[in-house]
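Student: Here it is: the structure, laid out below.
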Amino acid sequence: MGTYSTTMRYTGLSGIDTESMVQQLMKAESMKYDKLYRQRQLVEWKQEAYHDVANTMKTFSATFLQMTNLTSNIRAVSSFNKFNTSAKIGDKDSAAVKVTASKAGEVKLLVKRLAAAEAYETNRVAVSARGEETFSWASLNFGDSITIRLDNGSDKTITMDQLPFATEAEFTDWFNGKLEAAFGTEPLLNTQGSQPSQPPSKVQAAIKDGKLDISAVNVGHTITVVNNSGSANKFGFAAGSTTSKLQASTLADLGFTGGGTLKVNGEDIIFDANMSADNFLSKLNTVSGVSASYDSKKEVYVLKSTGTGVENAIAFAGDMGAFGASTFTKVSDAQDALIELDGVEISRSTNKFTVDGLSLELLATTETSAGSGVYDTISIKAEANVDDTLNLIKKFVEEYNSMLEKLNTQYNTSRAKSSSYTKYEPLTSDEKAAMTEKEVELWEAKAKEGMLYRDEIVNSVISSMRSMLYEPVTLSDGKKISLWELGITTSSSRGNEAGKLVIDETKLRSALTDRAEDVTQLFTKSSDKYSYSSTTKKDYYNLLRDEGLGDRLYHIIENATSSSGTISLRAGVSKTDYNSVLAKQLTDIDTSITDAINKLTAKEEQYYLMFSKMEAAISQNSAMMSQMQSLLGIA
């Protein structure tokens, strides 16, 4: 089979090594193909080198220049306005407020009132009989007992006849076994309408919030705890008897006396006493600004405004008589929060708000005793967190220097030479076949060097970053500030170290302490005069000069790496971007390679045909000689 064609041939029948001779002749013919292959490989490596540069800058930008990064973004004011804040009453931390600050200072705070939602509750609609006192299963003794009645049935006494129990779960399992033996199981339909294979006990117990909770498995029953033996109080129930009706199933169970239309926040709710409680809650929850639910811990129905403050009070109208004043009792009025800050009273509709650079979350009033009208004073102090800001700038400089070194290396590294006059070139397949895998790896590492040597795009990025970092920034008061005033200067090193930043930490700490606002503007200022979308080169450079250092670096990197950036236009955003300059070069080279292969295939065919004819002629001559020798009697 030939080198370029796929035709199967049988050569050498005449004794001539045709295959070897054709291959030798094709080596000279294939020099143009090898040149195109090497040219293509160099363009591809150059494209990869551009992508490496772009990715280096994008990684730096993602860490320090993206607004979505909330921890190390040097373009965000919040990255510099970091303060250590304390809130104390006397020398103790106050639990009445959580506070963060956006500026240094000290203020005095009184919390006079918390913002509250308007709220209503029903009387306890029990799902269980729950003890009034904390229950200790571990302190029970033999013979202790509790008497329980379900509805109007007979009393059932559970007596402690097994001790001790290792765990709470062990006790409740034993106790529930006794309840099932005493009361039996309850027919209960599951969601598919069929009877469970193991019907549950009619009465069950659990320990909730440290108290013994005894309940019936179905709604509508009444549990009564009877203290006949005198020891029920050891189970947490008060003397006498405790009766609890289970959770209401209809509005009549809640005390509704009829039906009608209730207007809530301007929306009509039609109801009647036979409506299920769940259906009524669902209707209330369709009303804007209102929330209705069942509080399983308190065992009450709750109706409240979804927001706090007077502005969110619930507006009722309609058939209030049927609704029943005794059904829902108001437990909280809608009210605004009220504080006193440095002697000035301030009210807000919520307990979370910002005032004078302080973000406050009110948790409790500071009233010394309920109704006294006397309030403790909270001293709030905010001090600049210089250490965090210092560490952010140090990390920024460290990563900037690392990025710059990588760009400098690409720009300063020239093509490696395999000899005094010859550069390392891409290897052809034949050359690779003659080398070991390690030799190929080392050779190609050398051959890839210098792809962006003295590249004008890389040089432009480096020059722009270096010059714009040292271009003064105009502050809001018209004054100017430069990076060197913070103690950040340029290294005197050359080569790949050129342009790196060096920090005088003492000067930087001093600037952060004495000129915190100026330092913040130096990094975070945005231009309100020019837009990055401007198409003119002049406006682009005017924009950079009008910005802080963060926006300058961000736009320089965007100008190179965005989809319309200089690197992207030259090398594409990725290898699959076929519209870049280098991608089009690769397409043109591929076309030339295809043409070269076609010509080589044709040439190879021509050589094989020539040698085929030669072999045929030789064979014919050999046959004639044999015939003549036979006629002449020559052996």
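The values are calculated or read from the model by the stated rules, or taken from the named source; none is laboratory data. The structure presented is a predicted model; accordingly, all values stated were derived computationally and were not measured. Please note: Cβ atoms are built from the backbone with ideal geometry, for glycine as well, and neighbour counts cover all protein chains shown. Accessible surface is based on the protein model in full, side chains and every heavy atom, while ligands, DNA and RNA are left aside. Shrake-Rupley method; radii C 1.70, N 1.55, O 1.52, S 1.80 Å.
Student: In segment 367-411, with Lys and Arg counted as +1 and Asp and Glu as -1 at Cβ, which of these residues, THR377, LEU404, LEU392, has the Cα nearest the positive end of the dipole, that is, farthest along it?
Tutor: Farthest towards the positive end: LEU404.
Student: If you don't mind, another one. Per Stokes-Einstein, at 25 °C and 0.890 mPa s, what whole-number D in µm² s⁻¹ belongs to segment 544-588, with the Kirkwood radius over Cα pairs as the hydrodynamic radius?
Tutor: The diffusion coefficient I find is 217 µm²/s.
Student: Roughly how much of ASP514 is accessible, in Å² to the nearest 10, using a 1.4 Å probe?
Tutor: ASP514 has an accessible surface of roughly 120 Å² with all protein chains in place.
Student: What whole-number distance in Å separates the alpha-carbon centres of segment 554-574 and segment 336-407?
Tutor: Distance between centres, Cα-based: 40 Å.
Student: For LYS156, go through the lysines and keep the ones whose alpha-carbon is under 22 Å away, minus same-chain ones fewer than eight residues off.
Tutor: By straight Cα distance, LYS156 reaches LYS178, LYS202, LYS211, LYS234, LYS245.
Student: Quick one: pull the percent of accessible area on segment 411-458 belonging to carbon and sulfur, 1.4 Å probe, ligands and nucleic acids left out.
Tutor: Carbon and sulfur: 48 percent of the exposed surface of segment 411-458.
Student: So, one more: Along segment 493-502, what does the Karplus equation 6.51 cos²θ - 1.76 cosθ + 1.60 (θ = phi - 60°) give for ³J(HN,Hα), rounded to whole Hz, x for Gly and Pro?
Tutor: 5, 10, x, 6, 8, 4, x, 5, 8, 10
Student: To two decimal places, what compactness ratio does segment 415-471 give when its Cα radius of gyration is scaled by 2.2 N^0.38 Å?
Tutor: For segment 415-471, the normalised Cα radius of gyration comes out at 1.68.
Student: Same structure again: Please work out the Cα convex hull volume for segment 452-531 and give it in Å³ per residue.
Tutor: It is 107 Å³ per residue.
Student: Still on this structure, I have one more. Working with all protein chains in place, sort ILE158, ILE270, ILE346 by solvent-accessible area computed with a 1.4 Å probe, largest first.
Tutor: So the residues, ranked largest to smallest area, are ILE270, ILE346, ILE158.
Student: Would you kindly find the accessible area of TRP45, with a 1.4 Å probe and non-protein molecules such as ligands, DNA and RNA excluded, rounding to the nearest 10 Å²?
Tutor: 20
Student: In a shell of Cβ-Cβ distance under 14 Å around LEU553, excluding LEU553 itself, what net charge do Lys and Arg (+1) and Asp and Glu (-1) give?
Tutor: Net of charged neighbours comes to +1.
Student: Report the relative contact order of segment 47-171, percent, no decimals, based on alpha-carbon pairs under 8 angstrom and at least 6 residues apart.
Tutor: 11
Student: Would you give the gap between the C-alpha center of segment 33-67 and the C-alpha center of segment 430-452, rounded to a whole Å?
Tutor: Each part's Cα centre sits 19 Å from the other's.
Student: Ignoring any ligand, DNA or RNA, what whole percent of the accessible area of segment 487-635 comes from carbon and sulfur when the probe is 1.4 angstrom?
Tutor: The value for segment 487-635 is 53 percent carbon and sulfur by accessible area.
Student: With only alpha-carbon pairs counted, each pair once and no self-pairs, how large is the Kirkwood hydrodynamic radius of segment 386-511 in angstroms?
Tutor: Result for segment 386-511 stands at 17.8 Å.
Student: Hey, another quick one. Lysines near LYS500 by alpha-carbon distance under 24 Å, same-chain residues fewer than 8 away left out - which ones?
Tutor: LYS58, LYS394, LYS395, LYS406, LYS480, LYS525
Student: Now a separate question. What percent does the relative contact order of the chain come to when contacts are Cα pairs within less than 8 Å and at least six residues apart?
Tutor: 20 percent.
Student: What net charge do the residues around LEU109 carry, taking every other residue with its C-beta under 14 Å from that of LEU109, with Lys and Arg at +1 and Asp and Glu at -1?
Tutor: Summing Lys/Arg as +1 and Asp/Glu as -1 gives -2.
Student: What translational diffusion coefficient, to the nearest whole µm²/s, does the chain have by Stokes-Einstein, given a Kirkwood radius computed over alpha-carbon pairs, a temperature of 10 °C and 1.306 mPa s viscosity?
Tutor: D = 45 µm²/s.
Student: Given N residues in segment 77-125, what is Rg(Cα) / (2.2 N^0.38 Å)?
Tutor: Cα-based Rg divided by the globular estimate yields 1.80.
Student: For LYS27, go through the lysines and keep the ones whose alpha-carbon is under 20 Å away, minus same-chain ones fewer than eight residues off.
Tutor: List returned: LYS35, LYS432, LYS599, LYS603.
Student: Dimensions of segment 263-384 along principal axes (Cα, Å, largest first)?
Tutor: Answer, in whole Å and largest first: 61, 28, 26 Å.
Student: Cα-Cα pairs above 24 Å in segment 314-406: how many percent?
Tutor: 57
Student: Suppose all protein chains stay in the model; what accessible area per residue would a 1.4 Å probe give for the chain, in Å²?
Tutor: With all protein chains present, the chain gives 53 Å² per residue.
Student: May I ask for the net charge around ILE74, where only other residues with Cβ less than 14 Å from the Cβ of ILE74 are counted and Lys, Arg are +1 while Asp, Glu are -1?
Tutor: +1
Student: Can you give me the Kirkwood hydrodynamic radius for segment 448-600, using every pair of distinct Cα atoms, in Å to one decimal?
Tutor: 18.4
Student: Loop by DSSP (not H, G, I, E, B), at most 16 other beta-carbon atoms within 10 Å: where is the longest site-free stretch of the chain for trypsin sites (Lys or Arg not before Pro)?
Tutor: 125-296
Student: Give the Kirkwood hydrodynamic radius (Å, one decimal) of segment 44-150, defined as one over the mean of 1/r across all pairs of different Cα atoms.
Tutor: Averaging 1/r across every pair of different Cα atoms and inverting gives 22.6 Å.
Student: If you count only protein heavy atoms and use a 1.4 Å probe, how large is the accessible surface of THR134, to the nearest 10 Å²?
Tutor: Surface open to solvent at THR134 totals about 110 Å².
Student: Beyond 23 Å between alpha-carbons counts as too far, so tell me which of LYS32/LYS613; LYS208/LYS298; LYS298/LYS352 fall in that bin.
Tutor: Pairs exceeding 23 Å: LYS32/LYS613; LYS298/LYS352.
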